[in-house]
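Participant: This is the structure, below, for whatever I ask next.
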Amino acid sequence: MEAKTKAKYIADFRVHEKDTGSADVQVALLTERINHLTQHLQTNLKDHSSRRGLLVMVGQRRRLLDYLHTTSPGRYQAVTKKLKLRK
C-alpha cells in the first residue's frame, strides 16, 4: 500500500488528531489490503500462501469489528457504513 493511500485512510477514520492505531483505522487499512489481495488472487489462482495471508487478515478484521461492536456500537455502524462491509 502506498504511503499516500495509507495516510488518506488514517485521516478518514481516525478518532482524534494523533490517532494512527485505533480499531477504526486498523479495520480500514485491513479492508484496503484485503481488497488488493483479493484482486491479486483472482488472477493468480495457485498462490496459496497469499490466500492463507488473506484469511488471516479477514480473521483479524472480524475480531476488530467484534471489539468495536461490543465497545461502541455507534463507531461500528459508522465504520461498516463507510467501508460498505454490511448489506
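The values are calculated or read from the model by the stated rules, or taken from the named source; none is laboratory data. Just so we're clear, the structure is a prediction, and the values are computed from it rather than from any experiment. All Cβ positions, glycine included, derive from the backbone under ideal geometry; neighbour counts span all protein chains shown.
Participant: Looking at Gly59, Gly53 in this structure, which one is assigned to a helix (DSSP H, G or I), of a type in the set (Gly, Ala, Ser) and within 11 Å of the chain's Cα centre (by Cα)?
Facilitator: Gly59
Participant: Further question on the same structure: Quickly run through region 44-87 and pick out the residues that are more than 24 Å from Lys8 (Cα to Cα), surrounded by 13 or more Cβ atoms within 10 Å (Cβ to Cβ) and of a type in the set (A, V, I, L, M).
Facilitator: Result: no residue meets the conditions.
Participant: Go over the candidates Leu68, Leu45 one by one and state the one that is aliphatic (A, V, I, L, M), farther than 21 Å from Met1 by Cα and touching an Asp or Glu at 6+ places or on another chain (Cβ under 9 Å). Spell out how you get there, then give the answer.
Facilitator: Details: Leu45 fails: touching an Asp or Glu at 6+ places or on another chain (Cβ under 9 Å).
Answer to the selection: Leu68.
Participant: While we're here: Do you know which of the residues in region 30-42 that are of a type in the set (A, V, I, L, M, F, W, C) and within 17 Å of Thr5 (Cβ to Cβ) is surrounded by the most Cβ atoms within 10 Å (Cβ to Cβ)?
Facilitator: Filtering region 30-42 for residues that are of a type in the set (A, V, I, L, M, F, W, C) and within 17 Å of Thr5 (Cβ to Cβ), the one surrounded by the most Cβ atoms within 10 Å (Cβ to Cβ) comes out as Leu30.
Participant: So is Thr31 at pLDDT below 95, assigned to a helix (DSSP H, G or I), within 19 Å of Lys84 (Cβ to Cβ) and β-branched (Val, Ile, Thr) or not?
Facilitator: Numbers: at pLDDT below 95: no; assigned to a helix (DSSP H, G or I): yes; within 19 Å of Lys84 (Cβ to Cβ): yes; β-branched (Val, Ile, Thr): yes.
So Thr31 does not fit the description; no.
Participant: Which residues, counting only those in region 62-87, are part of a helix (DSSP H, G or I) and among the polar types (S, T, N, Q)?
Facilitator: Answer for region 62-87, where residues must be part of a helix (DSSP H, G or I) and among the polar types (S, T, N, Q): Thr70, Thr71, Gln77, Thr80.
Participant: Going by what's in this entry, would Glu17 be described as of a type in the set (Asp, Glu), without any contact (Cβ under 8 Å) to a residue 40 or more places away in the chain and part of a helix (DSSP H, G or I)?
Facilitator: No; evaluated as a whole, the condition is false for this residue.
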